Amino acid sequence: MKKYLIFDLDGTLIDSGSKIDTIILGEIDRIAPDYHDSVRYALGHSGGMSLSQFLDSVFQDMEVVQKERLKNKLLIQLNSLSNAVGFFPWVPEMIQELSQTYRLFLSTGSSTEFATEVLHKGEIDSCFDIIEWSTILLKWISHLEKFFEFSWDPDFYKQAVYIGDGDMDRVFAESKGIDFVHIGNSWTDLYEIDIVTKLPPLLEQL
């Protein structure tokens, strides 16, 4: 049986994707409407990116100062979302149950403020051994390496399962040989479920 579960946040534990997209597109339409189509496309292919990584990938030719202003405006709006988004049905209860058997880790591209408030609202912040936000360390394989060091287990990667909804989550998991469970309905992954609450039977197979 596996020992460690690594969770993504947005689109995996909480239903926030469409609200985040609306905020980003609204601000882009206001200050840089010519970027609308490229931003809409990028939003559909940016799973796992932090806001900084997303802006860097889309606005490569934008001046640093202008990009920083845009990022700060978006962060203020996105952080206020913590009161407007909710967990998928029965997810907090499932996280609490899984924490009794597995050691849980969370890797998110969201800001520290947003993630902290959301997890606290669901009363599951204490269920995770360690939480990596992208305010300090951008979401990348460095999150996984930090989890590895924290675990003190040389077999951490073999004993872990990564649960996420984005293509980048898959990339992160595969880069370290970690089994990946896709939260979605595309049926393209070896292990795929539509909600975290269906995780327990699948974990018994791993």
(1) among the aliphatic types (A, V, I, L, M); (2) in a helix (DSSP H, G or I); (3) buried (at least 16 other Cβ atoms within 10 Å of the Cβ) all hold for residue 171 apart from (3)
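For residues in segment 109-133 being aromatic (Phe, Trp, Tyr) and at pLDDT below 80, which is surrounded by the most Cβ atoms within 10 Å (Cβ to Cβ)? Talk me through it step by step, then tell me what you get.
Just the residues of segment 109-133 that are aromatic (Phe, Trp, Tyr), to begin with: 114, 128, 133.
Remaining after also requiring at pLDDT below 80: 114, 133.
Working: 114: 24, 133: 22.
Once the filter is applied, the top-ranked residue is 114.
Scanning segment 174-191 for residues that are part of a loop (DSSP other than H, G, I, E, B) and touching a residue at least 24 places away in the same chain (Cβ under 8 Å), which turns out surrounded by the fewest Cβ atoms within 10 Å (Cβ to Cβ)? Steps first, answer last, please.
Filtering segment 174-191 for residues part of a loop (DSSP other than H, G, I, E, B) gives 176-178, 184-191.
Adding the requirement that they be touching a residue at least 24 places away in the same chain (Cβ under 8 Å) leaves 176, 178.
Details: 176: 17, 178: 21.
Applying the filter and picking the extreme gives 176.
What do you reckon, is residue 117 charged (D, E, K, R), over 20 Å from residue 2 (Cα atoms) and outside any loop (DSSP other than H, G, I, E, B)?
Numbers: charged (D, E, K, R): yes; over 20 Å from residue 2 (Cα atoms): yes; outside any loop (DSSP other than H, G, I, E, B): yes.
For residue 117, the condition - charged (D, E, K, R), over 20 Å from residue 2 (Cα atoms) and outside any loop (DSSP other than H, G, I, E, B) - is met.
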Being of a type in the set (Lys, Arg) and at pLDDT below 75: is that true of residue 158 here? no
Counting just the residues of segment 2-39 that are modelled with pLDDT of 85 or more and of a type in the set (Phe, Trp, Tyr), which one comes out surrounded by the fewest Cβ atoms within 10 Å (Cβ to Cβ)? 4
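Per-residue answers, yes or no, for (1) without any contact (Cβ under 8 Å) to a residue 24 or more places away in the chain; (2) under 15 Å from residue 8 (Cα atoms):
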{"residue": "163", "(1), (2)": "no, yes"}
{"residue": "168", "(1), (2)": "no, yes"}
{"residue": "193", "(1), (2)": "yes, yes"}
{"residue": "196", "(1), (2)": "no, yes"}
{"residue": "200", "(1), (2)": "no, no"}
{"residue": "203", "(1), (2)": "no, no"}
Within segment 134-145, is even one residue among the polar types (S, T, N, Q), within 16 Å of the chain's Cα centre (by Cα), modelled with pLDDT under 90 and assigned to a helix (DSSP H, G or I)? yes
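The values are calculated or read from the model by the stated rules, or taken from the named source; none is laboratory data. Computed from a prediction, not measured in an experiment: that's the story for all the values here. All Cβ positions, even for glycine, are placed from backbone atoms using ideal geometry, and neighbour counts span all protein chains on display.
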